[in-house]
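Report on one structure; see the data block that follows.
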Amino acid sequence: QVQLVESGGGLVQPGGSLRLSCAASGIYFNMYAMGWYRQAPGKQRELVATITSGGIINYADSVKGRFTISRDNAENTVYLQMNSLKPEDSAYYYCNANYRELDYWGKGTLVTVSS
């Protein structure tokens, strides 16, 4: 059974930082591209950052220079370090694992950026 479990969300002030984690099980993690997506109320889910099995990274323009995605294949975990957070970063953040036609999602973790 495939599980992607996100953690690390919460309430943070503008300018603050959070680190999200996504622990994967039930997949051969090393083979999967991993990604973070987010969805704010009333908006469509959007890509935040992805990292391929080979370590190629892609960021949404809105988070470049502020967010860093990384993966630990030994721990089957992908991380999203979020710095200089803005109120517009508030959303549910979802972890994704993708390998060819196989596509899995976590249940999400809520990030709220507010003073």
key: Full-stretch length increase - Lys86, Ser114 - with 0.36 nm per residue and alpha-carbon distance subtracted   = 9.3 nm
ask   = Can you give the accessible area of Leu110, probe radius 1.4 Å, in Å² rounded to 10?
value = 80 Å²
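Using +1 on the beta carbon of Lys and Arg, -1 on that of Asp and Glu, and nothing else charged, what's the dipole of the chain about the Cα centre, debye to 20?
160 debye
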note = Length gained if Val2 through Tyr104 is fully extended, taking 0.36 nm per residue and subtracting the Cα-Cα distance, is 36.0 nm
key: Relative packing of 94-100, 8-14, 51-57, which averages over residues the other C-beta atoms within 10 Å, highest first   = 94-100, 8-14, 51-57
task = Compare Asp61, Asp72 by solvent-accessible area with a 1.4 Å probe and give them largest first, with all protein chains kept in place.
result = Asp61, Asp72
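From largest accessible area down, sort Glu6, Glu88; use a 1.4 Å probe on the protein chains.
So the residues, ranked largest to smallest area, are Glu88, Glu6.
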note = To the nearest Å², the heavy-atom accessible area per residue of the chain with 1.4 Å probe amounts to 54 Å²
ask   = Applying 1/(1 + (r/R0)^6) with R0 = 25 Å to the Cβ-Cβ distance of Ala40 and Lys64, what FRET efficiency is obtained, to the nearest 0.05?
value = 0.85
query = Any idea what the relative contact order of segment 35-115 is, in percent, if you count C-alpha pairs under 8 Å spaced at least 6 apart?
reply = 26 percent
query = Along the principal axes of its C-alpha atoms, what lengths does segment 25-72 span, in descending order and rounded to whole Å?
reply = 34, 25, 12
query = Rg and Dmax of the chain over Cα atoms: what are they, in angstrom?
reply = 13.3, 42
request  = Could you tell me what percent of the accessible area of the chain is made up of carbon and sulfur, with a 1.4 Å probe and every protein chain present?
outcome  = 47 percent
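The values are calculated or read from the model by the stated rules, or taken from the named source; none is laboratory data. What you are looking at is a predicted structure, and each value in this text was computed from that prediction instead of being measured. Positions of Cβ are backbone-derived with ideal geometry, glycine not excepted, and every protein chain shown enters the neighbour counts. These accessible areas exclude ligands, DNA and RNA; they are computed on the full protein's heavy atoms, side chains included. Shrake-Rupley method; radii C 1.70, N 1.55, O 1.52, S 1.80 Å.
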